[in-house]
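The values are calculated or read from the model by the stated rules, or taken from the named source; none is laboratory data. Remember, it's a predicted structure, so these values are computed and weren't measured experimentally. So basically every Cβ, Gly included, is an ideal-geometry build from the backbone, and we count neighbours across all protein chains shown. What goes into the accessible areas is simple: the full protein's heavy atoms, side chains included, and nothing from ligands, DNA or RNA. Shrake-Rupley method; radii C 1.70, N 1.55, O 1.52, S 1.80 Å.
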Amino acid sequence: MLMIYIIGFIVSLGLALGLTPLVKKFAIKVGAVDVPNARKVHTRIMPRLGGLGIFLSFVIAFFLLLPFLPDVFSVREVNFIKAFLVGGTITVLLGAFDDRFDLPAKLKFVIQIATACVVVFVFDIRIEFANIPFHTYAAVETWVAIPFTILWIVGVTNAINLIDGLDGLAAGVSAIAIGTIAVMSFLMGNVMVALLCLLLLGSIIGFLYFNFHPAKIFMGDSGALFLGFCLALLSLLGFKQIAIVSFLTPLILIGVPLSDTMFAIVRRWMQKKPIFSPDKGHLHHCLRELGFSHRQTVLIIYGIAAFFGVLAVIQSSAAMYNANWVTFVVICVMVFFLQIGAEVIGLIGKTKRPVLDFLARLRMKAGAERGTK
């Protein structure tokens with residue numbers, strides 16, 4: 001099996017390197033291009049549809065390897081693969097049409113819900129067990145499992161779009177998250193999910209060769225929505241059972257887009273702006289304002305994503321051995337660094353720094369006490 005993993009990764013990587021230039025030409029020919037505006041960083045018209053290259057590389061590599069895969073998959077795992085392929089195809093087509101025609105947001109949302117319903121009702125993929133920290137495994141009632149699974153799929157499908165603001169950013173963060181799921185799958189012995197992750201990883205890295213700054217092609221909604229869909233399924237189902245190994249693990253995996261979204265909501269609420277109004281206060285915008293170059297900003301966010309990935313591996317490994325105290329430590333570390341980082345960078349606002357101000361007051365008080373002794 002190890003050799004199949006290696007071959008699959010190399011094949012998908014090679015296909016992405018070969019197909020992406022063809023997709024670029026196709027995007028220009030059909031008019032699927034990104035025109036710069038006041039909110040965007042790039043200054044020239046760029047072809048998008050890059051997600052089509054990632055998707056085709058992944059699918060072709062999978063079917064090339066399929067005859068050589070051992071017959072070890074359960075019925076549930078086969079259903080998962082079918083749901084992954086069918087749902088992924090619908091999602092990438094939706095994104096491709098949006099890249100070309102700029103579809104209305106409501107139409108995209110309806111189609112995403114329909115896709116999630118196909119996954120849940122046609123292929124019977126849903127959360128069945130939950131291991132909330134400090135509790136044992138418990139079955140999740142159907143009336144809770146179905147809406148939660150649909151909500152998760154739709155939400156995470158859109159999450160990657162929120163950080164798709166710099167060359168190579170969304171693809172790289174997705175690659176780190178998928179690589180993390182691959183590590184967890186290996187640790188848990190889930191060969192099917194590990195294989196899917198490695199095929200996706202090869203496709204994304206091959207695409208990144210053309211997408212890293214200065215980019216020659218954007219992934220567009222076809223890529224952002226497809227990778228979001230992949231993360232939605234893999235982050236919940238990357239385990240031996242269709243279960244949330246811990247309530248926090250999938251949330252940590254998408255920590256970068258999730259935290260960026262949360263801080264954006266808080267920022268707009270405090271500024272009395274509509275929650276969904278666009279602005280230039282996202283993580284990558286703030287880092288650029290601090291003076292970091294395009295590449296430095298992307299690499300810093302890669303580092304943040306890798307940090308979340310390490311926390312996810314630690315937390316999920318601890319959950320396997322019921323070490324719930326580790327979960328508590330992970331929560332504290334994650335919340336502390338998120339808040340400190342947000343205040344330093346200015347994600348909430350330039351003057352809103354409650355924790356840093358509190359720490360500064362403590363230092364001043366400690367200094368004053370030492371001065372009186």
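THR115 satisfies every condition listed in (1) modelled with pLDDT of 95 or more; (2) part of a loop (DSSP other than H, G, I, E, B) except (2). Listed by position, the helices (runs of 4 or more DSSP H) contained in segment 184-292 that have at least 1 residues being at pLDDT 90 or above, within 28 Å of SER317 (Cβ to Cβ) and aliphatic (A, V, I, L, M) are 191-211, 220-237. In segment 205-219, of all residues being open to solvent by 10 Å² or more (accessible area, probe 1.4 Å) and of a type in the set (A, V, I, L, M), the one that is nearest to ALA32 (Cα to Cα) corresponds to LEU208. Tallying residues that are within 23 Å of the chain's Cα centre (by Cα) and either acidic (Asp, Glu) or modelled with pLDDT under 90 (or both) within segment 68-104 yields 4.
Quick grid of which residues meet (1) hydrophobic (A, V, I, L, M, F, W, C); (2) open to solvent by 50 Å² or more (accessible area, probe 1.4 Å); (3) within 23 Å of GLY255 (Cα to Cα); (4) at pLDDT below 75:
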| residue | (1), (2), (3), (4) |
| --- | --- |
| SER316 | no, no, yes, yes |
| THR327 | no, no, yes, yes |
| GLY341 | no, no, yes, no |
| LYS352 | no, yes, yes, yes |
| ASP357 | no, yes, no, no |
